[in-house]
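The values are calculated or read from the model by the stated rules, or taken from the named source; none is laboratory data. Predicted model only: the values in this text are computed from it and were never measured. Counting neighbours? That spans all protein chains shown, and the Cβs are built from the backbone with ideal geometry, glycine included. When the accessible area is computed, the model is the full protein with side chains, heavy atoms only, and any ligands, DNA or RNA have been set aside. Shrake-Rupley method; radii C 1.70, N 1.55, O 1.52, S 1.80 Å.
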Amino acid sequence: MCIRDRYQRRVHGDSSEQTAYIPVVGQEDEFKHDRRGTFRVMSVNLANYDDHPRWDYRRERIADNITCSRADVIALQEIREDTIIKKNALCDLLEHLRSDYLLYWNKAMEYENFLNMTTCIEGQGIISRLTVKRVETVQLGSSPGDRNERIAVIAAVDVGDEEPLEFVSVHLTYDQNNSMGQLRDLRERLDQTFEGSVGQIVVGDFNIHGEWLYRDFMAGDNGFRDTAKVLDKVQPTHPSWEPKDRLDRVFYRGRIEPVEITVQEPCSSKEDMHSDHLYVVSEFKIKE
C-alpha cells in the first residue's frame with residue numbers, strides 16, 4: 001500500500017502544488033526526540049529511477065542509509081513520479097524506512113511524451129522527525145543550457161530554540177553559466193528571513209564544478225560557510241563509485257555551528273551504487 005493511502009493531504013502556502021503528507025493518527029509531537037543539544041541534517045540524491053537502473057535494490061540501500069544516519073531533517077533530490085501509474089519514488093522509499101518522518105515535497109520539472117502529455121514529474125522533498133512550522137518553495141527558473149525548471153524547498157524547523165531553523169534543499173542547474181545567478185537569487189530570498197531564524201542550512205546537489213561560482217553566496221559578514229571546509233573534511237561526492245567532484249554540500253550561517261560532517265563511503269562499483277551521488281550527513285549545535 002502506498003504511503004499516500006495512509007496519509008492525508010494538507011496544502012501549505014499559496015501554491016496548491018505544495019503538499020505534505022501528515023500521519024492521520026497521532027500528533028506531530030510524537031516525532032520529537034531527545035536532541036541532547038544537537039541536530040543532524042542529511043542530503044540524499046535518489047538518482048531518479050528512469051535514468052538509473054535497479055531502483056528496487058537501490059531503494060533498500062538508501063532506506064538503510066537514512067535510518068542508520070539518525071538524521072533529523074533530510075533533503076532529497078531527484079524525486080520522480082510517473083503520473084500515469086502513480087509511481088512516486090519518495091512514497092516508495094518511505095515504506096521501507098524504519099523511522100517515522102513528516103514529508104514535504106514539490107515538483108520542479110515535467111516531462112512529456114510524443115503526444116505532449118505529461119507522463120512524469122520530478123522534484124525535491126524534505127522529510128523531518130522534528131516539527132516543521134512552515135514550508136515554502138522558491139522558483140529558481142531554468143537556464144539556456146538546461147531547460148529543466150529548478151526550485152529550492154525551505155522548511156522552518158523547530159530545533160529547540162525560540163526561533164526556527166530554516167533548512168533548505170536545492171538541486172541547481174548543471175549549466176555553469178547560470179549557477180551563480182541561481183545562488184544569488186536564493187540568497188536574496190534567504191536574506192529576507194535570516195534575522196528571524198536561529199540559522200539557515202542549505203544542502204543538496206549544487207551541480208557546481210568551480211569554487212568561484214560560490215563567491216556571492218559566501219560573501220560578507222552574513223555569508224554562508226562551507227561546513228566541510230570549516231571542519232577540514234573536504235571529500236568529493238560524485239560519481240559515487242569513483243568520486244572526483246564535490247557536488248553535494250552543506251552550507252550554514254547564523255547562531256549555529258557544525259560539530260561533524262560525514263560523507264558516505266564510495267560504492268564498490270557503478271553496478272553496486274545506491275545513487276550516483278554519495279550522501280552527506282552533518283551534525284550541528286546552537287551556539288551558547
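Would you confirm, using the coordinates I've provided, whether Glu162 is under 20 Å from Lys287 (Cβ atoms) and touching a Ser or Thr at 6+ places or on another chain (Cβ under 7 Å)? So Glu162 does not fit the description; no. Taken over the range 73-89, the residue count meeting the criterion of being touching a residue at least 60 places away in the same chain (Cβ under 8 Å) and in contact with a strand residue (DSSP E or B) (Cβ under 9 Å, 6 or more places away or on another chain) is 6. Among the residues of the range 266-288, those that are closer than 20 Å to Gln77 by Cβ and out of contact with any Lys or Arg (no Cβ under 6 Å at 6 or more places or on another chain) comprise Pro266, Cys267, Lys270, Met273, Ser275, Asp276, His277, Leu278, Tyr279, Val280, Val281, Ser282.
Are any of the residues in the range 171-181 touching a Ser or Thr at 6+ places or on another chain (Cβ under 8 Å), of a type outside the set (S, T, N, Q) and surrounded by 18 or more Cβ atoms within 10 Å (Cβ to Cβ)? So far as the range 171-181 goes, yes, one or more of its residues are touching a Ser or Thr at 6+ places or on another chain (Cβ under 8 Å), of a type outside the set (S, T, N, Q) and surrounded by 18 or more Cβ atoms within 10 Å (Cβ to Cβ).
Which members of the range 19-51 meet the condition of being assigned to a loop (DSSP other than H, G, I, E, B), surrounded by fewer than 17 Cβ atoms within 10 Å (Cβ to Cβ) and modelled with pLDDT of 85 or more? Give the derivation first.
Here is the first cut: in the range 19-51, the residues assigned to a loop (DSSP other than H, G, I, E, B) are 24-27, 32-37, 46-51.
From what is left, the residues that are surrounded by fewer than 17 Cβ atoms within 10 Å (Cβ to Cβ) are 24-27, 32-37, 50-51.
The answer is Asp51, and nothing else.
Of the strands (runs of 3 or more DSSP E) lying entirely inside the range 92-165, those containing at least 3 residues that are at pLDDT 90 or above span 118-128, 132-143, 146-157. Note on the range 170-266: enclosed helices (runs of 4 or more DSSP H) holding 1 or more residues that are closer than 28 Å to Gln139 by Cβ and touching a Pro at 6+ places or on another chain (Cβ under 9 Å) are 176-191, 227-230.
Loosely packed, with under 14 Cβ neighbours inside 10 Å and among the basic types (Lys, Arg): which single residue out of Lys233, Lys287 fits that description? Within the list Lys233, Lys287, the selection yields Lys287.
Scanning the range 90-131 for residues that are without any contact (Cβ under 8 Å) to a residue 40 or more places away in the chain and β-branched (Val, Ile, Thr) yields Thr118, Thr119.
Determine whether Leu94 is buried (at least 19 other Cβ atoms within 10 Å of the Cβ) and more than 21 Å from Ile66 (Cα to Cα).
Details: buried (at least 19 other Cβ atoms within 10 Å of the Cβ): yes; more than 21 Å from Ile66 (Cα to Cα): no.
Spelling it out, it is not the case that Leu94 is buried (at least 19 other Cβ atoms within 10 Å of the Cβ) and more than 21 Å from Ile66 (Cα to Cα).
This table checks each residue for (1) more than 15 Å from Val203 (Cα to Cα); (2) open to solvent by 10 Å² or more (accessible area, probe 1.4 Å).
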residue: Trp55; (1), (2): yes, yes
residue: Lys86; (1), (2): yes, yes
residue: Asn116; (1), (2): yes, yes
residue: Ile126; (1), (2): no, no
residue: Gln139; (1), (2): yes, yes
residue: Asp146; (1), (2): yes, no
residue: Leu165; (1), (2): no, no
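Scanning the range 69-81 for residues that are farther than 14 Å from Tyr101 by Cα and either open to solvent by 40 Å² or more (accessible area, probe 1.4 Å) or modelled with pLDDT of 95 or more (or both) yields a single hit, Gln77.
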